[in-house]
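Q: One structure is given below, represented as structure tokens, and several questions about it will come after.
The values are calculated or read from the model by the stated rules, or taken from the named source; none is laboratory data. What you see is a predicted model; the values in this text were computed from it and never measured. Neighbour counts run over all protein chains shown; Cβ positions are idealised from the backbone, glycine included.
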Amino acid sequence: MTRITLVEGDITEQQVDVVVNAANSSLLGGGGVDGAIHRKGGPQILEECRRLRASHWGRGLPTGRAVATTAGRLPARWVVHTVGPVYWEDEYEDRAGQLASCYRESLRVAAELGARTVAFPAVSAGVYGWPLDDAARIALGTVAATVAGPARELTEVRFVLFGTAAYGTFEQVWLGMGGEQ
Ligand code: ADP
């Protein structure tokens with residue numbers, strides 16, 4: 001059984017096997033949680049991202065995909081970088097599918113690495129503009145479904161929400177889905 005937990009806090013401080021980064025497709029860093037991970041994790045993460053870009057992802061990592069690097073100086077073993085979709089109502093169905101894919105792919109990569117514990121931020125819910133309650137619904141629904149199947153080796157998937165508003169929204173959605181805290 002995988003526990004799904006919610007905490008309010010900073011993802012760069014989590015002692016877990018995998019920290020998931022809401023990256024952009026360039027893999028070369030950005031603002032928000034991406035900036036915080038690179039700042040705290042140090043230059044080794046960016047070096048590996050550059051190598052991945054050069055070897056595999058010259059045109060950028062496609063939206064919905066995930067790749068792993070070292071976690072550098074973070075108290076984690078790996079960072080899994082995933083590229084969330086920018087919110088756009090006109091293409092809601094496609095993009096919601098891509099957002100779900102971010103969670104599925106990140107969990108797949110984590111399970112392949114042999115990770116037991118994974119921490120996620122609210123992918124796409126910052127600069128990429130996804131409404132928080134809908135981002136929470138997709139995130140929690142997808143993770144709950146994935147840990148019942150392909151990622152069942154994981155012991156904990158932790159959502160690390162930045163600020164009380166984000167935490168409160170995730171908690172409400174999770175309780176509404178019958179989840180336990
Ligand atoms: P995106 O471009 O995918 O929207 P952002 O980094 O802008 O990514 O935001 C994603 C979510 O991560 C937002 O809810 C934001 O508040 C949150 N966030 C920002 N910094 C941190 C952090 N250090 N730890 C956890 N979550 C964070």
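Q: Which of the residues that make up the stretch 132-169 are closer than 19 Å to Ser106 by Cα and among the aromatic types (Phe, Trp, Tyr)?
A: If the condition is that a residue be closer than 19 Å to Ser106 by Cα and among the aromatic types (Phe, Trp, Tyr), then Phe159 is the only one that fits.
Q: Moving to a separate point now. Return a yes/no flag: does the stretch 74-85 have any residue that is farther than 22 Å from Thr117 by Cβ and among the β-branched types (Val, Ile, Thr).
A: Scanning the stretch 74-85 turns up at least one residue that is farther than 22 Å from Thr117 by Cβ and among the β-branched types (Val, Ile, Thr).
Q: Any idea which of Ala96, Ala22 is in contact with a strand residue (DSSP E or B) (Cβ under 8 Å, 6 or more places away or on another chain) and at pLDDT 95 or above?
A: Every option except Ala22 fails the conditions.
Q: Related question: Does the stretch 126-181 hold any residues that are among the aliphatic types (A, V, I, L, M) and over 17 Å from the mean Cα position of the chain (by Cα), and which are they?
A: Passing the criteria: Ala148, Ala165, Val173, Leu175, Met177.
Q: Considering only residues that are under 19 Å from the mean Cα position of the chain (by Cα), small (Gly, Ala, Ser) and part of a loop (DSSP other than H, G, I, E, B), look in the stretch 43-70 and name the one that is surrounded by the most Cβ atoms within 10 Å (Cβ to Cβ).
A: Only one residue fits best here, namely Gly64.
Q: Give, as residue ranges, the helices (runs of 4 or more DSSP H) completely inside the stretch 75-181 that count at least 3 residues that are in contact with an Asp or Glu (Cβ under 9 Å, 6 or more places away or on another chain) and in contact (Cβ under 8 Å) with a residue 40 or more places away in the chain. Outline the logic, then answer.
A: On the way: elements: 92-113, 132-147, 164-176.
Of the helices (runs of 4 or more DSSP H) lying wholly inside the stretch 75-181, those with at least 3 residues that are in contact with an Asp or Glu (Cβ under 9 Å, 6 or more places away or on another chain) and in contact (Cβ under 8 Å) with a residue 40 or more places away in the chain span 92-113, 164-176.
Q: Conditions: (1) under 17 Å from Val7 (Cβ atoms); (2) buried (at least 22 other Cβ atoms within 10 Å of the Cβ); (3) of a type outside the set (Asp, Glu). Ala165 meets all but one. Number of the miss?
A: Unmet for Ala165, out of (1) under 17 Å from Val7 (Cβ atoms); (2) buried (at least 22 other Cβ atoms within 10 Å of the Cβ); (3) of a type outside the set (Asp, Glu): (2).
Q: Count, please, the residues in the stretch 132-162 that happen to be out of contact with any Leu (no Cβ under 8 Å at 6 or more places or on another chain), more than 17 Å from Arg3 (Cα to Cα) and within 11 Å of the ligand (Cβ to nearest atom).
A: Residues that pass the stated criteria total 2.
Q: When you go through (1) of a type in the set (Ser, Thr, Tyr); (2) within 15 Å of the ligand (Cβ to nearest atom); (3) over 22 Å from Ile11 (Cα atoms) one by one for Ser55, which number turns out not to apply?
A: Evaluating Ser55 over (1) of a type in the set (Ser, Thr, Tyr); (2) within 15 Å of the ligand (Cβ to nearest atom); (3) over 22 Å from Ile11 (Cα atoms) leaves (2) as the failure.
Q: So which residues in the stretch 25-52 are within 15 Å of the ligand (Cβ to nearest atom), of a type in the set (D, E, K, R) and in contact with a strand residue (DSSP E or B) (Cβ under 7 Å, 6 or more places away or on another chain), if there are any at all?
A: Within the stretch 25-52, Asp34 is the sole residue that qualifies.
Q: Kindly check whether there is at least one residue in the stretch 107-114 that is under 16 Å from Ala165 (Cα atoms) and not β-branched (Val, Ile, Thr). Even if it seems obvious, please write down each step before you answer.
A: The first filter runs over the stretch 107-114 and keeps only residues under 16 Å from Ala165 (Cα atoms), leaving none.
No, every residue in the stretch 107-114 fails to be under 16 Å from Ala165 (Cα atoms) and not β-branched (Val, Ile, Thr).
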